[in-house]
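Remarks on the structure that follows.
Every number here is computed from the coordinates shown, using simple stated rules; none is lab data. Every value quoted in this text rests on a predicted model; they were computed, and no experiment measured them. Every residue, glycine among them, receives a Cβ derived from its backbone with ideal geometry; neighbour counts consider all protein chains shown.
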Amino acid sequence: MSVRVRFAPSPTGHLHLGGARTALYNFLFARQNQGQFILRIEDTDSSRSTEIAIRSIIEDLYWLGLKWDEGPDVKGEFGPYRQTQRLFIYQQYLKRLMEKGYAYYCFCTSEELQAQREEAKRKKITFRYNRRCRNLPFEEVEKKLERSLRPSVRFAMPTSGETVVNDLIRGKIVFKHAELDDFIIFRSDGTPTYNFAATIDDATMKITHVIRGDDHLSNTPKQINIYRALGLKEPEFAHLSMILGPDRKPLSKRHGDTAISEYRRKGFLPQAMVNYLALLGWSYDDKTTFFSLEDLIKFFSLNRVSKNPAIFDFQKLKWLNGYYIRQLKNSDLLALIEPYFREKFLSFDREKLMKAIPLIKDRITVLSESVAWLDWLFVKEIQVETGSKEKIKKDNSLSLILNAAYQSLSQLDDFKAEKIQNVLREKVAELQVKPKIFFQALRLAVTGKLVSPPLFESIELLGKEETLNRLKSFIKYFA
Ligand code: GLU
């Protein structure tokens, strides 16, 4: 039987790192087994699901390169692939469950349930529904329905025994039925709950492996019992460990960006994201770090997915991103950084930006950083970084140095980095000033910054006229 896996996001917000990793592992597992990868939108919670979220999740998955074989936008034989369009399917299976006696109407009001919840809290025990409606006589149920009371429907869990989950990552996990609840499968508004809809979908979409975050581990015995009650074939389960922040608390906004779209906006490359996410809980061996999506399809295996939580390491992600940036052709890198310059400047010299790429390629780790490295090249007037002037030596030598640089450069006809370097170094020797002081002053005058791309190349790129102009105004205002 061919492998069929799914990624089943609830479209209540952006795609996050954890979701993206789940999608990636499912994708890899499908591809390496020549199986099918399915995208299913779990939008039964209409109060929290939005179209915008669906679109943004789809966009991010495409950006990561994780294409699906069946989904809301790709026809397949097991559709529709949005839960809100599958109500008729859930109703059929609900009917079957009711007929078999595995589900029952519950007329308890939210106030009654709240009271039970509070009592459990007082007694410091886990709240479990007291099953008051489980054995209501048939006539009573009929009467209540006639009075148009709108019940929810609960699953009748076995009250004794246990369910064993043989998780592909975590091994055997035993859940005692006495600790499980008669959970709601249909709300009183006629919509199915996650546990029911997801189970029916996995069964009817012929999903063979459910690979998902371990926040769903406690749902698994509930879902298995639905399969069993309906006589449906159970899939294999694999639960991925949590992603934690460096402080070992569950990864959240407090730790920085968690949405994939944020990383995309700031200029992380999908290659880096995919490589990093793959390593967040999986390893090939203890030394290989770089994996393309194709490599991962070859090498990924659930056997090497760790059961321990993964710690998110932003520095490593940045470092990997820098690596992938350096692998790009300059013309590709130009196309990727251009939008950041368009955002900042109404117009700018694209040729100049292309020429500047070798100066920053090794220095940036995120695409958006390129603007801070190169904005001085495109501004009419440089902004001298606050505080930087005080950092360079403020005595008479400053004006001496800058005037000397001005003189040497103005006499230079072949305005190339190497020549620029030669004449400036000659000047340093002649004046007997410290090279560091000399070049720092010059860098500040030309770029407005104390940290910039290599100075001589930068001066060449800026051009003779503009360099001299900048030197002149700097001398006027600061020296
Ligand atoms: N819709 C669920 C979520 O976004 C996923 C459920 C599952 O994978 O079974 O967390």
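Scanning the chain for cysteines with no neighbouring cysteine C-beta under 4.7 angstrom from their C-beta gives C108. For the stretch 409-471, the Kirkwood radius over C-alpha pairs fed into Stokes-Einstein at 10 °C and 1.306 mPa s yields D = 135 µm² per second.
I need the trypsin sites (Lys or Arg not before Pro) found in the stretch 311-367, filtered to DSSP loop residues with at most 10 other beta carbons within 10 Å of theirs. Listed in order of number, the matching sites are K329.
Note on M1/R187: beta-carbon distance plugged into 1/(1 + (r/R0)^6) with R0 of 45 Å gives a FRET efficiency of 0.85. Ordering L168, P192, S148 by Cα displacement along the dipole of the stretch 118-243 toward the positive end leaves S148 in first place; charges were set at the Cβ atoms of Lys, Arg (+1) and Asp, Glu (-1).
Scattering from the stretch 48-202 was approximated by placing one identical point on each alpha carbon and applying the Debye formula without solvent; log10 I(q)/I(0) at 0.08, 0.15, 0.16 1/Å stands at -0.34, -1.03, -1.11. Within the stretch 155-287, DSSP assigns beta bridges of which about 60% are antiparallel (rounded to the nearest 5). Taken along its three principal axes, the alpha carbon spread of the stretch 245-374 comes to 51, 34, 20 Å, from the longest extent down to the shortest. Candidates C106, I89, G76 compared by Cα position along the dipole of the stretch 73-113: farthest toward the positive end lies G76, with charges placed on Cβ. Inverting the pair-averaged 1/r between distinct Cα atoms of the chain gives 27.1 Å as its Kirkwood hydrodynamic radius. Of the trypsin sites (Lys or Arg not before Pro) found in the stretch 145-228, the ones in coil according to DSSP and having at most 10 other Cβ atoms within 10 Å of their Cβ are R147. Mean projected area of the Cα convex hull of the stretch 33-91, taken over all directions, amounts to 4.9 nm². Each residue of the stretch 87-101 was assigned a 3J(HN,Hα) from its phi angle through the Karplus curve 6.51 cos²θ - 1.76 cosθ + 1.60 (θ = phi - 60°); the sequence is 3, 4, 6, 4, 5, 4, 6, 5, 4, 4, 5, 5, 4, 7, x Hz, with glycine and proline shown as x. Within the stretch 1-84, the trypsin sites (Lys or Arg not before Pro) that combine a DSSP coil assignment with at most 13 other C-beta atoms in a 10 angstrom radius are R48, K67, K75. Per-residue Karplus couplings for the stretch 345-357, computed as 6.51 cos²θ - 1.76 cosθ + 1.60 with θ equal to phi - 60°, are listed in order as 10, 4, 9, 7, 7, 5, 4, 5, 4, 4, 5, 7, 4 Hz, Gly and Pro entered as x. Here, the stretch 237-297 yields an orientationally averaged convex hull projection of 5.5 nm² when only Cα atoms define the hull.
By the Stokes-Einstein formula, at 1.002 mPa s and 20 °C, the stretch 120-242 with its Kirkwood radius over alpha-carbon pairs has D equal to 133 µm²/s.
Taking a cut-off of 24 Å, what percent of all Cα-Cα pairs in the stretch 355-479 are separated by more than that? Value for the stretch 355-479 (Cα pairs over 24 Å): 22 percent.
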